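The values are calculated or read from the model by the stated rules, or taken from the named source; none is laboratory data. Everything quoted here is computed from the prediction, not taken from an experiment. Glycine gets a Cβ as well: all are built from the backbone with ideal geometry, and neighbour counts include every protein chain shown.
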Amino acid sequence: MSGGRAPLRLPRLMARRLAGAVGTLFTASALLFLAAEVLPGDAAAASLGGGADAGQIARMRAELGLDRPLVLRYLDWVGSALDGDLGTSTVSHRPVGELVTDPLLDTLLLVALSVLVTVAVATSVGVLAGLRPGSALDWLLSAGAVALVSIPQFVTASVLVLVFASALGVLPAVSLVPLGGSPLDDPAALVLPVAALSLFSAAWASRMVRASVVEAGRSPHVESARLAGLPEHRVVFRHLLPTTIGPCLQAFAWLTGALVGGTAVVERVFNYPGLSAPLVSAVVNHDTAVLEGIGLLLSGAVVVSLLLADLLDLVADPHGSVAR
Amino acid sequence: MTDTATEAPAAAVRPSVPRPPGPGPLRRVLTGLLWLPALAVVLLAVAGPWLVPGDAGRIVGGPYSPPGPGLPLGTDAIGRDVWDRFLAGGRPLVIVPLVATVLTTVVGTLLGVLAGYLGGRVAAVMSWLDSLLLALPPIVVLLALLHGLGYSAGTLLLAVAATGVPFVSRISRAATTRVVRTGYVDQAVALGDGPLSVVVREIVPNILQPVLADAGTRLAVAIALTASADFLGFGPGTPSWAAMVSENMEGVTLVPWGVAVPALGISVLTVAANLLLDRLAAKGAS
């Protein structure tokens with residue numbers, strides 16, 4: 001505070017982060033809109049098919065409103081999105097909101113279950129490895145984590161299908177959910193998708209947990225607790241682990257965002273009824289409105305997770321944040 | 001075993017001094033052994049297409065034929081030779097990701113060094129741009145670009161770079177700020193060095209280690225993104241390991257190796273990419 005500025009209070013800092021997140025979401029949505037609308041792939045030409053002539057395309061463009069200035073179209077789109085209207089699919093002519101609601105809920109269910117599993121697994125593995133850095137156990141867990149983080153998720157998912165559905169035959173390989181049903185109707189079908197997502201994210205998060213446990217283990221206050229002759233379990237549970245909670249929560253919040261954006265490929269392996277199918281078919285069919293709608297929802301979820309991570313960081317360590 | 005031997009007294013005494021880094025003999029031997037299959041797979045991926053006798057797309061037998069003479073891995077759903085397709089399908093996962101990673105690392109490092117060296121407004125704008133790109137999930141960026149530009153190696157390069165540059169520039173910016181604070185830079189400037197010479201001679205050599213260590217992750221992510229695009233059906237249309245996993249998934253109970261072999265290839269490739277650059281970074285540090 002040598003600059004003579006009064007230290008900011010926590011609520012004000014939090015409000016600032018919130019405003020930052022809103023700004024990020026707006027600009028990210030503009031980038032998304034630009035990528036979807038400006039790049040050559042044209043919705044009008046696509047919805048007419050290959051045989052359309054220039055006149056037909058021009059009429060279609062006018063009908064779809066594609067001939068209006070880009071800025072106006074963007075503002076229109078964002079304005080309606082704020083009202084809960086994500087536009088209309090150029091392929092099925094149904095409202096995007098209606099098309100994506102059920103898949104979004106199914107994807108969020110998958111994410112929520114994966115986050116739960118990830119937190120449990122990553123915390124235990126990270127703490128086990130981090131309490132004895134350099135040990136054989138630490139090396140084994142770390143090597144496993146590096147491998148799982150490197151391997152693409154659809155490969156992990158396919159190997160799980162190969163082992164548990166095909167070779168052992170103990171779990172279903174695909175999520176056959178009847179139209180209008182929920183994946184919860186058949187919990188066994190959720191096991192492999194959740195496992196595939198969690199293996200990757202738990203491997204990643206366990207590295208974060210390990211790093212912060214190792215760091216806490218070397219901190220002066222843990223040292224002095226040990227020197228004071230406290231029993232080891234007391235040192236670990238009362239002095240070491242509590243200091244790691246802040247950074248770990250932050251890593252988990254960040255991870256939730258990564259999971260929201262990362263389910264698409266895993267869903268595809270299991271034919272899971274999430275956002276993957278509409279997202280991929282929107283790209284195949286040049287259905288710009290659906291692509292933009294899903295992209296907006298997904299980046300919204302990521303921004304919220306990142307904001308949560310930021311706020312947790314602030315609450316855990318308000319002074320550090322001011323200094324930054 | 002030596003690892004467990006050093007572990008026992010450590011548990012009793014609990015030294016709080018950080019253990020000297022450096023792997024034990026067991027770990028060295030194990031990592032040494034890991035390199036053999038890794039090298040073999042990389043070689044196979046690059047040279048594979050030359051080893052295929054004919055066209056890997058031709059039909060050589062009935063659907064899902066079991067392995068037999070001349071067909072080491074049997075056939076896929078439409079009767080194509082799985083082994084031939086495996087040989088032909090590794091290269092797309094090596095060349096494009098490698099080029100994309102070099103591009104991402106160079107661009108990200110340049111931006112990060114610029115921001116870290118200049119500081120102030122430039123750094124603030126750059127960090128805002130990074131947070132912006134991090135808010136868009138990589139798969140959304142990839143699909144939006146595929147939607148607009150269609151599939152090409154260039155689209156993939158762009159997608160990998162757009163999603164990777166923020167990570168690289170964050171790391172190199174932080175490392176540059178650290179170097180600038182150590183005083184090397186002030187000293188070099190005092191001795192009359194120009195900005196370019198400061199960047200090339202003082203900053204870049206000192207930030208190389210974290211940047212290289214991260215490049216391993218970037219390469220693994222680039223391979224994963226390329227493979228994911230292919231897996232989702234946006235690929236070159238020629239045989240590829242990722243597309244094979246997807247194509248052969250349906251017949252996985254009949255021809256499990258149609259999924260297992262390419263999946264293993266991708267796994268070894270990505271893990272090797274990550275470990276190799278980690279190793280390079282560690283070498284560079286010592």
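Residues that are of a type in the set (Ser, Thr, Tyr), in a loop (DSSP other than H, G, I, E, B) and touching a residue at least 60 places away in the same chain (Cβ under 8 Å) within region B:55-82 comprise just one, B:Tyr64.
For region A:253-265, the tally of residues that are among the hydrophobic types (A, V, I, L, M, F, W, C), buried (at least 22 other Cβ atoms within 10 Å of the Cβ) and more than 10 Å from chain B (Cβ to nearest Cβ) stands at 1.
In the set (1) more than 8 Å from every other protein chain (Cβ to nearest Cβ); (2) under 19 Å from the mean Cα position of the chain (by Cα); (3) closer than 25 Å to B:Leu158 by Cα; (4) at pLDDT 80 or above, the condition left unmet by B:Ile266 is number (1).
Per-residue answers, yes or no, for (1) crowded, with 23+ Cβ neighbours inside 10 Å; (2) in contact with a helix residue (DSSP H, G or I) (Cβ under 8 Å, 6 or more places away or on another chain); (3) more than 15 Å from B:Asp230 (Cα to Cα):
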{"site": "B:Pro66", "(1), (2), (3)": "no, no, yes"}
{"site": "B:Pro69", "(1), (2), (3)": "no, no, yes"}
{"site": "B:Thr75", "(1), (2), (3)": "yes, yes, yes"}
{"site": "B:Gly89", "(1), (2), (3)": "yes, yes, no"}
{"site": "B:Leu118", "(1), (2), (3)": "no, no, yes"}
{"site": "B:Ser127", "(1), (2), (3)": "no, yes, yes"}
{"site": "B:Tyr151", "(1), (2), (3)": "no, yes, no"}
{"site": "B:Ala159", "(1), (2), (3)": "yes, yes, no"}
{"site": "B:Ser169", "(1), (2), (3)": "yes, yes, yes"}
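Please go through region B:224-253 and pick out each residue that is assigned to a helix (DSSP H, G or I), under 24 Å from B:Val52 (Cβ atoms) and facing chain A (nearest Cβ under 7 Å). Scanning region B:224-253 gives B:Ala227, B:Phe231, B:Val245. Could you list, ordered by first residue, the pairs with Cβ atoms under 6 Å in which the first is in region B:120-147 and more than 7 Å from chain A (Cβ to nearest Cβ) and among the β-branched types (Val, Ile, Thr) and the second is crowded, with 23+ Cβ neighbours inside 10 Å and in a helix (DSSP H, G or I), at least 6 apart or interchain? From region B:120-147, the pairs are B:Val122/B:Ala115; B:Val141/B:Ala159; B:Val141/B:Thr163.
Listed by first and then second residue, the pairs linking a residue in region B:38-53 that is among the hydrophobic types (A, V, I, L, M, F, W, C) to a residue that is loosely packed, with under 12 Cβ neighbours inside 10 Å and assigned to a helix (DSSP H, G or I), with Cβ atoms under 9 Å apart and 6 or more places separating them unless they lie on different chains, are B:Leu44/B:Leu51. In this structure, is A:Ser114 modelled with pLDDT under 85, surrounded by 20 or more Cβ atoms within 10 Å (Cβ to Cβ) and touching a helix residue (DSSP H, G or I) at 6+ places or on another chain (Cβ under 7 Å)? When the stated conditions are applied, A:Ser114 does not pass them. Take A:Arg238 and decide whether it is closer than 29 Å to A:Leu296 by Cβ, in contact with a helix residue (DSSP H, G or I) (Cβ under 9 Å, 6 or more places away or on another chain), assigned to a helix (DSSP H, G or I) and of a type in the set (Lys, Arg). So A:Arg238 does not fit the description; no. Total residues in region A:284-306 satisfying the condition of being closer than 16 Å to A:Thr263 by Cβ and either outside any helix (DSSP H, G or I) or at the interface with another protein chain (Cβ under 7 Å from one of its Cβ atoms) (or both): the figure is 4. Give me the residue from region B:254-263 that is buried (at least 24 other Cβ atoms within 10 Å of the Cβ) and of a type in the set (Gly, Ala, Ser) and, out of that set, nearest to the other protein chains (Cβ to nearest Cβ). Here the residue is B:Ala263. The set of residues in region A:223-246 being under 34 Å from the mean Cα position of the chain (by Cα) and either within 12 Å of chain B (Cβ to nearest Cβ) or under 25 Å from A:Gln153 (Cα atoms) (or both) consists of A:Val236, A:Leu240. Within region B:231-243, if we keep just the residues that are out of contact with any Gly (no Cβ under 6 Å at 6 or more places or on another chain), over 12 Å from A:Val155 (Cα atoms) and not hydroxyl-bearing (Ser, Thr, Tyr), the residue that is surrounded by the fewest Cβ atoms within 10 Å (Cβ to Cβ) turns out to be B:Gly237.
Filter region A:63-78 down to the residues that are among the hydrophobic types (A, V, I, L, M, F, W, C) and at pLDDT below 75, then identify the one that is nearest to A:Thr27 (Cα to Cα). This residue is A:Leu66.
Go through region A:198-211 and report how many residues are surrounded by 22 or more Cβ atoms within 10 Å (Cβ to Cβ) and either away from chain B (no Cβ under 13 Å) or outside any helix (DSSP H, G or I) (or both). So the answer is 7. Cβ separations smaller than 8 Å between residues 6+ apart or across chains give no pair from region A:142-159 residues that are more than 7 Å from chain B (Cβ to nearest Cβ) and without any contact (Cβ under 8 Å) to a residue 24 or more places away in the chain to residues that are outside any helix (DSSP H, G or I) and crowded, with 23+ Cβ neighbours inside 10 Å. Restrict the check to region B:191-211 and report whether at least one residue is in a helix (DSSP H, G or I), at pLDDT 85 or above and either surrounded by 21 or more Cβ atoms within 10 Å (Cβ to Cβ) or more than 20 Å from the chain's Cα centre (by Cα) (or both). Within region B:191-211 (the criterion being in a helix (DSSP H, G or I), at pLDDT 85 or above and either surrounded by 21 or more Cβ atoms within 10 Å (Cβ to Cβ) or more than 20 Å from the chain's Cα centre (by Cα) (or both)), the answer is yes, since at least one residue qualifies.
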